Structure formats: C-alpha cells, structure tokens
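Please treat every number below as a calculation from the coordinates, not as lab data. This one's a predicted model, so the numbers in the text were calculated from it and none came from an experiment. Cβ: placed from backbone, ideal geometry, glycine included. Neighbour counts: every protein chain shown.
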Amino acid sequence: MGATAANEPKSEISNYVKLNIGGSLFYTTVTTLSKFDSKLRDMVLSEAAQNAETLESEGWVFIDRCGKHFGTILNFLRDGTVPLPETCVEISEILAETKYYGVTELHKACEQALQKKRNRNTNITWVTLITSQNEAQKLISVSSKPVVKFAINRHNNKYSYTGASDDNLLKNIELFDKLAEKHKERGLFIKDVIGSNEICCWTFYGPGGAVKKVAEVCCTSIVYATDKKHTKVDFPETRILEETMNVMLLDTRINKSVQEHELIEATSSSNGNCRCSCSSQWSDLQWENSTTSTL
C-alpha cells in the first residue's frame, strides 16, 4: 500500500484557473492571482478550494459571492490599476468585495476615491439669489469683496428670440456657476432672477462698502429679421472672463501672492524670474490704481 502510494504521481495545480463567482464564470491564471498577497489567492490555491464542497466536477472553483464587480478585481490583479466607476454606490460595492477578498491595494484605492467624492460633495458654492433691486444694493454696499451680479430673466422679453439665444442663455448661466465655484473665497456672486429688467446682463462692482460699478456686460440686443424685431442673446465669454479677473484683482483682503500666481498662469514667458517680477509690479500697480480711484 505504501509503495503504491509513493509511486502515485502528485497532483499539480494547473496555471489556468476557472472561477465560478456566484454563477458568473471567469478564467484567469495562478500567475495573475499571485501578483498580490490576498485572501482570494489563498482561497483558490489552498486545499479548502480543492475539496469536494468547493471544487466542482468540471474543475470550477466556486465562491459564493456576487460576481458583478469581480471582473474589476481581476483586471486590477492583472494590470495593477483599474478605472473605478463614477458613482459612490458602485465604488462602495467594490470596496466591500475587496475587503472580502483581501485585495488591500484596490481597497485603499476605493477608499481614496470615495473620500474625494465626499469632499467634492461638501464643497458647496453659495450663490445669493435676490428678487429686488433694493436687496441687491444693500448686499453690494456692505460687501467687503468684489461683487459679480448676474441678472437673468428669460421671460422679460417683448419679442421672440433668435435661434441661438436659448443656447447662449444656458451658456451664460453655466459660466456664472463655474466662476462662482472658482472664486467663491474672493468674491460675492449674486444672481438676480426676478427683480431685474434685463434679460441677461453681467455687472461688476468693486469692494469697499460702496456701490461702485466697475463694468457691465449686456448680452442682449434687438435685431431685425423679415421686418420683425427679435431679441438676440450673445455669449461674450472672453469679455466676461476678462471683467471677472479685473474685478477680482481689486480684492485687497487676500495675499498678493495669490494674485501674482494667477497672473503668472495667465501670461507666458520663457524667463521664470522675469515673470514673477513683472507680475508683482503689475499687482502693485493694480492695487495703487484701485486705491487712488477709491480715494
């Protein structure tokens, strides 16, 4: 008996592995499963995965888990990286599976992705909505920040709109929201949705507790087509961005280095030292001009 047992060839685990994950079938290799230390590798290669309860008659290793995200885990084991879904729900599902299978590296990546999304969701931009001109004047007069007021009232129109006007209205709204997000620490952003007589108009005010209009960009005009008047809405993006930057430079509350950094990014030069020097002089000049104008 002993000699017979000694002469029997030892069973070797094939490099190819067939996995049945809750009814979903996957093909992989021992090499792939062994790239990272994980519970999954041990489950497949251990004796427990080879016994009669786990190993099917046709050589399938059965694991009683949902196979929805197992392909993502396999791809991570193959490549060392994998794109994660956009939704927090799906990332959380992968997080639970990586915890079960002990794939530590992917587990950490999921935790980091969820944390970034939580931080993004808590980063709320507050836009002040007003319904009357008196309300707007009071806010502007007490603001220590530069003010960007955006008046939008599509229904305040006597004529029909031109073809591209609706799209341009939406583009103006989207740009206002983006600027409010970008400059939320530096400026007060006011959206006038009812009280204004304008259809689409941007107004820029300097800081300092006084209602001082710096610039205005009106995006509407009346045009004639087939002997009828039509209202045209434009999207002068470059002009709006320029006026927004100009009014933000009047904010003397912040460190000048912030202004210098933004000016450096907005300009191009081959000499880095020259860029910093010119930006500093330009920032000082802007501050002096704004102080002189206020006085």
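In straight-distance terms, cross-link reach from residue 228 covers every one of the lysines whose alpha-carbon lies under 30 Å from its own, apart from those fewer than eight places away in the same chain; here that gives 158, 171.
Potential lengthening of the chain between residue 42 and residue 227 amounts to 58.5 nm, from the contour at 0.36 nm per residue minus the alpha-carbon distance.
An ellipsoid equivalent to the stretch 16-119, defined through the eigenvalues of its Cα gyration tensor, has semi-axes of 26, 13, 11 Å when rounded to whole angstrom and sorted largest first. Shown is the FRET efficiency for residue 32 and residue 181, computed with R0 = 45 Å from the Cβ-Cβ distance and rounded to the nearest 0.05: 0.60.
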